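Every number in this text was worked out from the coordinates using simple rules, so none of it is lab data. Owing to the predicted nature of the structure, the values given are computational and were not obtained by experimental measurement. All Cβ positions, even for glycine, are placed from backbone atoms using ideal geometry, and neighbour counts span all protein chains on display.
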């Protein structure tokens, strides 16, 4: 190769230069839209760290205490679904109740009874009048929300309530529900707390 050809190959055609370029507008707009949607999603679902969103759980161990028993009991799992579809509207998904509306089920002496006959009657026809739950007075006007459930469904819901939110009690059977329903006959009038307390637990 001649020296002239080598010189031609070695010589660049032009020196590199520094120039400014702009960021494409679509990239700026897309980033802003993404940031806005992220902030909107967090605002809608984040709860802004309010204690009522995360209470009453203060640790993972505490959370485990509020879970229904793990194992092969499909009835409690079915009861949880029914509870959250119907009962949680007033009693909350954590069983803590709502002030001025519905008493707590967590730790309630009405839930944690040795017998289940009174407990079965309440969702059948309702409960009306002043009642004390965990030392607090409530003036209830609860309708018979469980009247439309089958014996098995109501047993599942009550079993879930008696074994969730920190509660530990015996399960309710469809046979127990059927017996109470037979005793009720065609009653549609809600019980008063005093009337209910006179009946067999």
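Provide the gained length on full extension for the span residue 200 to residue 148, in nm with one decimal, where the gain is 0.36 nm per separating residue minus the Cα-Cα distance. Don't skip to the answer; put the middle values down first.
Working: separation 52, 0.36 × 52 = 18.72 nm, distance 2.35 nm.
Going from the current span to full extension adds 16.4 nm.
For the range 107-151, what does the alpha-carbon gyration tensor say about shape, rounded, prolate or oblate, given a ≥ b ≥ c as the root eigenvalues, a/c under 1.5 as rounded, and a/b over b/c as prolate?
Working: a/c = 2.86, a/b = 1.30, b/c = 2.20.
Here the range 107-151 falls in the oblate category.
Quick check on the exposure proxy: order 158, 171 from fewest to most C-beta atoms within 10 angstrom. Mind showing how you got there, number by number?
Working: 158 26, 171 18.
Fewest-to-most ranking of 158, 171: 171, 158.
Using R₀ = 22 Å, calculate the FRET efficiency as 1/(1 + (r/R₀)^6) where r is the Cβ-Cβ separation of residue 59 and residue 93; round to 0.05.
Values: r = 19 Å, r/R0 = 0.85.
Computed FRET efficiency for residue 59 and residue 93 comes out at 0.70.
Normalised by the number of residues in the range 81-147, what is the relative contact order in percent for Cα pairs under 8 Å and 6+ residues apart? Please report the intermediate quantities before stating the final value.
Working: 86 pairs, mean separation 16.4, N = 67.
Relative contact order, the range 81-147: 24 percent.
Need one number: nm distance between label points at residue 168 and residue 33, each 7 Å from Cα along Cα→Cβ, rounded to one decimal.
Taking the simple label geometry, residue 168 and residue 33 are separated by 5.5 nm.
Give the distance, in whole Å, between the Cα centre of the range 137-191 and the Cα centre of the range 112-136.
Their Cα centres are 9 Å away from one another.
Just subtract the alpha-carbon distance of residue 81 and residue 18 from 0.36 nm times their residue separation and send over the number in nm, one decimal. Walk me through the numbers before you get to the answer.
Details: separation 63, 0.36 × 63 = 22.68 nm, distance 6.58 nm.
So the chain would gain 16.1 nm between residue 81 and residue 18.
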